[in-house]
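The values are calculated or read from the model by the stated rules, or taken from the named source; none is laboratory data. Fair warning: this is a prediction, and the values are worked out from it, not measured in the lab. Because the Cβ atoms are built from the backbone with ideal geometry, glycine has one as well, and the counts that use them run over all protein chains shown. Surface accessibility is based on the protein's heavy atoms, side chains included, excluding ligands, DNA and RNA. Shrake-Rupley method; radii C 1.70, N 1.55, O 1.52, S 1.80 Å.
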There are 2 protein chains.
Amino acid sequence: MTRQGGAGAGGAAPGTPIRIVDVETARSSILSRRRHDADYPPALLRGLERRFGARTTPEQAVARIVEEVRSGGAAALARWTAELDGVEDLDPRVHAAELQQALDGLPGALRRALLRSVERVREFHRRQPVASWTTHELGGTLGQRVIPIRRVGIYVPGGSAPLPSSLIMAAIPARVAGVEEVVVCTPPRPHPTILAAARLCEVDEVYQAGGAQAIAAMAHGTEAIAPVDKIVGAGNLFVTLAKRQVYGLVGIDGLAGPTETLVIADETADPAWAAADLLAQAEHDVLATAILLTPSREVAEAVQREVERRLADIDRREQVESSLTHQSGIVVTPDIETAVALANDFGAEHLCLSVADAERWAEQVTSAGGVFVGEHSCEVLGDYVAGPSHIMPTGGTARFASPVNVLDFVKISSVIALDAETSAALAPLAAEIARAESLTSHAAAADLRSGGDDV
Amino acid sequence: MTRQGGAGAGGAAPGTPIRIVDVETARSSILSRRRHDADYPPALLRGLERRFGARTTPEQAVARIVEEVRSGGAAALARWTAELDGVEDLDPRVHAAELQQALDGLPGALRRALLRSVERVREFHRRQPVASWTTHELGGTLGQRVIPIRRVGIYVPGGSAPLPSSLIMAAIPARVAGVEEVVVCTPPRPHPTILAAARLCEVDEVYQAGGAQAIAAMAHGTEAIAPVDKIVGAGNLFVTLAKRQVYGLVGIDGLAGPTETLVIADETADPAWAAADLLAQAEHDVLATAILLTPSREVAEAVQREVERRLADIDRREQVESSLTHQSGIVVTPDIETAVALANDFGAEHLCLSVADAERWAEQVTSAGGVFVGEHSCEVLGDYVAGPSHIMPTGGTARFASPVNVLDFVKISSVIALDAETSAALAPLAAEIARAESLTSHAAAADLRSGGDDV
């Protein structure tokens, strides 16, 4: 790369959809994580008022849908499907023959690609070490039994871009974990590719139901849909709010927000590849975030030019431009170390390291859903075929949360089988602490095990 | 045990606080799991109205507290501490010297018991296999990095029965996981034993703050309390509702409800021990559940008599009787197999197997937070010193949730480091699926990796 005339100190020409900014500017804008939810867009609130009455918040609308499906079952689900999806008198069950038909109808190349995706996701998750264990070193047998969750529901969004890959990325880890019943809900009139993917993943039941009403149906059950034990998968705002509301009754994998990618690139990176990766991210959603961090102003400017060039004849241009303008940017950092530190603070869903010695930098990452090491491991490969699930923590939740993995589909049961001798030795200690907690019946139960008097 | 005259077919004398019932009665009463939250007690709602205004729900009250602490910081925390705990002008920080002082002031026997508890909980959790892994069999390097969560907050209830053991049961697994900063919040004027336990567990920061305001302070931070990444530990209704509301901003371990124990006993069990275990459970809380399942009417009646005998001079008698009368009971089952099946449907927090061949029956358990195998392994030993954490899933959440363990204090970062050859081989497959999802910029980014034209 040779130095070329840039757009001046700010680096951005007016109207350029992806700006070059310094670290301080980035920290207070695109890299800031607000510690509370953003206000809802006025258009969304107006839409809610029309349907649910004045001053209805999204939470209240979702609470109403969830409660009606809980108490009203299949009829309430049908009513909300008619109301919100505009589909009347829908039998939500998609039958096995339709799944097979969808698979049979798939073009050969797409079918082979999906099959390869299924295989690699399965091969990856089969290697995850998840097993029961016991120890006999603490007196008797103590341990943890790992047990598959019995019945799991997967939400697969429909809408403008159907995502059969999201089905694979949840259903296969569930299958590897040994889940007995895997159920999918996806909005009415699902794309055949979603149905084909369900068939490839040997999903047990598929229902056409979307939004908060689908989450409520899976959590509470209806006459036609047995309730599940856990719900996994991302969706829109209503799906996310519904998952929060049913959490506790069922397990959930997390609360998904808009998707995010950070790319750290140095002068060894190909600006065309980095630009393509940012644009791929930006096409997801107007709220998607695509940020490049680089210590090289040359790289920054080259990527910016490349983004502009590609934008000229890109699909979904308006959406891509909105994402690039509002949540995205190119940040020039003093060095790679600073870029990695910024990435750790941000805790991105995806972090791509297109730098020399990428393996070494990867070891410095403490907060990211997925780390894509080297520019050959681009995020798009992770989205479809690399192996790890593409359902990763967003919104900074990588501070505490993990990508979907086999552990999401099992639970632990602690096993406590003390031998009589250990029990007798420990009982007086338990009684001592119990008395300090004013729990005298606890102390009494312990005293019996220490051979104490029958009180 | 010899057959003795019982209380007739129903097995229960009028006014007996623990009844003997059959399976069908139990299924529709004490063993039923309502699939939605119970209504709140009128007294609680009246209390809320007095403080928060007419028709305020607990959720709304908690939302107000959380929002005020978020926006008002330390001053709002102090205001709610004064309002709800009746303590004015409180500096929430408990200093290291006070922790040491509390430990130094502990009676020797209690100190030794707590130390032994800490050691065994540590030894148990150190054996839990939690490790990063990689594979080179799928082209390049793929794997999962396991990374400790950086800063964790533990809520330790105060109130009538201070529970230093709960602090140990969360803080030690966190320490084993490698959490850098372990923070404790507990209601104002904490019991010295809680402070001593914090010192023994090498907790980094202790704050006297309780209820929803403490959860809000840990999630959002104040001028004096840095925000945490995850909150763990049980509390009252307000604590639980606050955890639900801040979930997503921070991680949480789960939403705790009242504690529950199921004891399955056969004729090899000592009725006095079984009765003591039920009473220990019942003394926790008026909402606690203590249920005996037995195929032997003799055992049922003997345990009932033993409970009655012990009730005569028990501490907290009113509370124990309320728990026994309303949520508890003795269920006579056709056989052990039926008892285990009922237990699996119920998904109890604690399941105690006081039966012959208990190890074999333990293998049939598919849903329980902890399984206590054999009558020497009583729940009270698990509460304090056995090793596994006593913070276990309640309310049927054992269907999908686990006891607190090392995995609660780590997160996974997926590592995707494909080699160039694998990347080039997979890229056309990714592009194929991307086009099926109408994501053409995804396809373009993949095409670049397959050596395709720079589009």
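Would you mind computing the Rg to Rh ratio of the protein assembly as shown from its alpha-carbon coordinates, Kirkwood style for Rh? Rounded to two decimals, Rg over Rh is 0.99. For the pair B:ARG93 and A:GLU83, label points projected 7 Å from Cα toward Cβ lie 5.2 nm apart. In Å², nearest 100, what accessible area do chains A and B bury in total when the solvent probe is 1.4 Å? The contact between B and A buries close to 10900 Å².
Report summary: the helix-based calculation at 222 nm, which adds -39500 (n - 2.57) for every DSSP H run with n ≥ 4 and divides by the residues of chain A, gives -13500 deg cm²/dmol. A label point on B:ARG46, set 7 Å along the Cα-to-Cβ line, lies at 4.8 nm from each of its counterparts in the other copies, closest listed first.
Working from the alpha-carbon coordinates of the range A:272-421, get Rg over Rh, Rh being the Kirkwood radius. Intermediate values should be presented prior to the final figure.
Working: Rg = 18.6 Å, Rh = 16.9 Å.
Ratio of gyration radius to Kirkwood radius for the range A:272-421: 1.10.
Peptides B:332-339, A:131-138, B:431-438: what's the order by average Cβ count within 10 Å, highest mean first?
Values: B:332-339: 17.1, A:131-138: 13.4, B:431-438: 22.8.
Highest to lowest by the protection proxy: B:431-438, B:332-339, A:131-138.
Extending 7 Å from Cα along the Cβ direction at B:SER450 and again at A:THR338 yields two label points whose distance is 4.0 nm. If I histogram all Cα-Cα distances within chain B using bins 10 Å wide from 0, what percent of pairs lands in each bin? All Cα pairs considered, the percentages come to 4, 18, 24, 22, 17, 9, 4, 1, 0, 0.
Label separation (B:SER71 vs B:GLU202): 4.2 nm, computed from points 7 Å beyond Cα along the C-beta direction. The mean count of C-beta atoms from other chains within 10 Å of the C-beta of residues in B:271-284, rounded to a whole number, is 4.
Label-to-label distances for B:LEU287 across copies, nearest first, come out at 3.2 nm, using points 7 Å from Cα in the beta-carbon direction.
Accessible surface for chain B, divided over its residues, is 37 Å² per residue with a 1.4 Å probe. If one computes the Cα centroid of the range B:66-80 and of the range A:121-176, what distance in Å separates the two points? Rounded to whole Å, the Cα centres lie 40 Å apart. The simple Förster model, with R0 at 30 Å and r as the Cβ-Cβ distance, assigns B:ARG360 and A:ARG435 a FRET efficiency of 0.25.
Averaged over peptide A:189-201, the number of partner chain Cβ atoms lying within 10 Å of each residue's Cβ comes to 1. Counting only protein heavy atoms and using a 1.4 Å probe, the accessible area of A:ASP89 comes to about 150 Å².
Per-residue packing, averaged as other Cβ atoms within 10 Å, sorts the ranges B:416-423, A:69-76 into the order B:416-423, A:69-76, beginning with the highest.
Suppose the chain between B:GLN60 and B:GLU267 were pulled fully straight at 0.36 nm per residue; how much longer would it get relative to their current alpha carbon spacing? If you can, show how the numbers build up before the last one.
Details: separation 207, 0.36 × 207 = 74.52 nm, distance 5.07 nm.
Length gained between B:GLN60 and B:GLU267: 69.5 nm.
Shown for the range B:134-158: residues covered by the partner protein chains by 50 Å² or more of accessible area relative to the chain by itself (probe radius 1.4 Å), namely B:LEU138, B:GLN144, B:ARG145. For the range A:42-85, rounded, prolate or oblate, judged on the Cα gyration tensor with a ≥ b ≥ c (square roots of eigenvalues), a/c < 1.5 rounded, else prolate if a/b > b/c? It comes out prolate by the Cα gyration axes. Inter-part distance, the range B:244-320 to the range A:340-386, computed on C-alpha centroids, equals 50 Å.
Evaluate peptide A:93-102: per residue, the Cβ atoms of other protein chains within 10 Å of its Cβ; return the mean as an integer.
Numbers: counts 0, 0, 0, 0, 0, 0, 0, 0, 0, 0.
The per-residue average across the peptide is 0.
Placing a label point 7 Å from Cα along the Cα-to-Cβ axis, A:ASP91 is separated from the same position in the other copies by 7.2 nm, shortest listed first. Legend: calculated FRET efficiency, B:ARG112 to B:GLU137, from the Cβ-Cβ distance at R0 = 41 Å, rounded to 0.05, equals 0.20. Taking 20 Å as the cut-off, the amide N atoms of the range B:416-447 that come nearer than this to a point 7 Å along the Cα-to-beta-carbon line of A:ASP313 belong to B:435, B:438-447. Taking a ≥ b ≥ c as the square roots of the eigenvalues of the Cα gyration tensor, an a/c ratio of 1.5 or more together with a/b no larger than b/c marks the range B:93-228 as oblate. If the Kirkwood radius is taken over C-alpha pairs of the range A:335-444, then at 25 °C and 0.890 mPa s the Stokes-Einstein diffusion coefficient equals 138 µm²/s.
Please sort B:395-408, B:179-192 by packing, taking for each peptide the average over its residues of neighbouring beta carbons within 10 angstrom, highest first.
Numbers: B:395-408: 24.6, B:179-192: 21.8.
Packing proxy ranking, top to bottom: B:395-408, B:179-192.
By accessible area, using a 1.4 Å probe on protein heavy atoms only, the protein assembly as shown has 49% of its surface on carbon and sulfur.
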